[in-house]
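Only one structure is covered here, and it is reproduced in the block below.
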Amino acid sequence: MFDLVLVGYGNVAKRFVALLEEQADEWRLEFGVLPTVIGSVTRRERPRYLVPEFGRTRATSALEFIREACRRDRRAARDGHLVIVETTTLDVQRGQPAIDHVRAALAGGAHLITANKGPAAFAYRRLERAANRAGRCFLFESAVMDGVPIFNLVRETLPTVSVTGFRGIVNSTTNYILTAMERGQPFDAALAEMQARGIAEADASLDVDGWDAAAKTAALANVLMDARITPHDVVREGISPASGPAALAAAASGRRLKLVVGAERTRRRVVARVAPEVLSAGDLLAGVEGQQNALMLQTDLLDEIAIVQRGGSLTHTAYGLLSDLATIARAIQREPSSARRRRSPSRRDRR
């Protein structure tokens, strides 16, 4: 059903490919055929096609490769069966080159799924409009809380409900470090453990300085609350070795120190923040341990909805990509063969 082009082939992309193979029987049962990876490009290797009929590429960059793949696989692109799977590293300054990757894919007739927070955090509204104009999907379930269905939950199951704010713990590395420091483990040792497990960002400062959480907060606010902000608009404070005594003191008094994200709508705009907070024992977020994450959505009709992620791993992140691919596949199955150019599922479609 799908031809896949992998942009980025690190741990997440490799686990995604392996997960596709592991879920092959289930995928064939529901959709009839297993997706095929036709090409890949990484920072360290030249772009390449993995099927003989596409020959050798002339592209020298990921952006050129996306454009070329859309041209060479134009039949799949025309039928809505070409998907670019984007798993490049977050650029917290501008969200690039991931934003350009999304634009090029949509312009070439491909769907785009990504685990990168940058596109939704920096340019969600523009990219959503581009997807709608192209009749293709721009999906990013893995960008926040791995494969836990945050964006799908709101888009697919909460018609007419408006999200008015949220609070949460959305960075596994910092939550693990704070939990470890409560037990007497040094900051550097806890961080090193997260790096060894492949959980921490390649640049650990993105985690501990709060940038990863700020990017996730911006993405959540933009998609769920139409905020139109970037990570640089999020009031941000991270954690450091100096957070250790505060974590110990909070624990000694029956409370917990957590790096909490949040957003709320004022009369004029959405205000977002990331900062350590000392939480009472009765706060749901106070019970979020180790690598666990949680998000509490404030809504107009259903009051507060809480989603708790009890664990995080590469499999969880890769599953988010797989679930986005399944979302596209189901949408295509529902359509008559003459109507392959479709609108991207979006928050606006529900209003």
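The values are calculated or read from the model by the stated rules, or taken from the named source; none is laboratory data. Not measured: the values here are computed from a predicted model. Cβ sites come from the backbone with ideal geometry, for glycine too, and all protein chains shown count toward neighbours.
In this structure, does residue 57 turn out to be in contact (Cβ under 8 Å) with a residue 40 or more places away in the chain and among the polar types (S, T, N, Q)?
On the way: in contact (Cβ under 8 Å) with a residue 40 or more places away in the chain: no; among the polar types (S, T, N, Q): yes.
It is false that residue 57 is in contact (Cβ under 8 Å) with a residue 40 or more places away in the chain and among the polar types (S, T, N, Q).
Just one of the listed residues (234, 274, 278, 223) is within 23 Å of residue 126 (Cβ to Cβ), modelled with pLDDT of 95 or more, of a type in the set (Val, Ile, Thr) and over 17 Å from the mean Cα position of the chain (by Cα), and it is 234. Specify the residue that is modelled with the lowest pLDDT; the eligible residues are those in the stretch 318-351 that are assigned to a loop (DSSP other than H, G, I, E, B) and over 23 Å from residue 108 (Cβ atoms). This residue is 351.
For residue 63, the requirement of being surrounded by 13 or more Cβ atoms within 10 Å (Cβ to Cβ), farther than 30 Å from residue 199 by Cβ, of a type in the set (A, V, I, L, M) and at pLDDT 95 or above is not met. Residue count for the stretch 28-60 satisfying the condition of being surrounded by 13 or more Cβ atoms within 10 Å (Cβ to Cβ), over 16 Å from residue 7 (Cα atoms) and of a type in the set (A, V, I, L, M): 1.
Among residues belonging to the stretch 66-101 that are free of Cβ contacts under 8 Å to residues at least 60 places away in the same chain and of a type outside the set (D, E, K, R), point out the one that is surrounded by the fewest Cβ atoms within 10 Å (Cβ to Cβ). The residue in question is 93. Residue count for the stretch 117-154 under the criterion of being without any contact (Cβ under 8 Å) to a residue 40 or more places away in the chain and within 21 Å of residue 211 (Cα to Cα): the result is 2.
Given the structure, is residue 313 without any contact (Cβ under 8 Å) to a residue 12 or more places away in the chain and either under 22 Å from the mean Cα position of the chain (by Cα) or over 30 Å from residue 34 (Cα atoms) (or both)? Taking the combined requirement at face value, the residue does not satisfy it.
The selection criterion, being touching a strand residue (DSSP E or B) at 6+ places or on another chain (Cβ under 7 Å), closer than 18 Å to residue 220 by Cβ and among the acidic types (Asp, Glu), holds for residue 128.
Taking the condition of being among the small types (Gly, Ala, Ser), surrounded by fewer than 24 Cβ atoms within 10 Å (Cβ to Cβ) and out of contact with any Lys or Arg (no Cβ under 7 Å at 6 or more places or on another chain), how many residues in the stretch 155-190 meet it?
Of the residues in the stretch 155-190, the ones among the small types (Gly, Ala, Ser) are 162, 165, 168, 172, 180, 184, 189-190.
Right, trim to surrounded by fewer than 24 Cβ atoms within 10 Å (Cβ to Cβ) and you get 162, 165, 180, 184, 189-190.
With the extra rule that they be out of contact with any Lys or Arg (no Cβ under 7 Å at 6 or more places or on another chain), the set shrinks to 162, 180, 184, 189-190.
Total meeting the criteria: 5.
Going residue by residue through the stretch 5-27, is there one that turns out to be among the hydroxyl-bearing types (Ser, Thr, Tyr), in contact with a helix residue (DSSP H, G or I) (Cβ under 8 Å, 6 or more places away or on another chain) and under 26 Å from residue 134 (Cβ atoms)? No, the conditions are met nowhere in the stretch 5-27.
Take the stretch 200-217 and flag every residue that is aliphatic (A, V, I, L, M) and buried (at least 21 other Cβ atoms within 10 Å of the Cβ). Passing the criteria: 200, 206, 208, 213, 214, 215.
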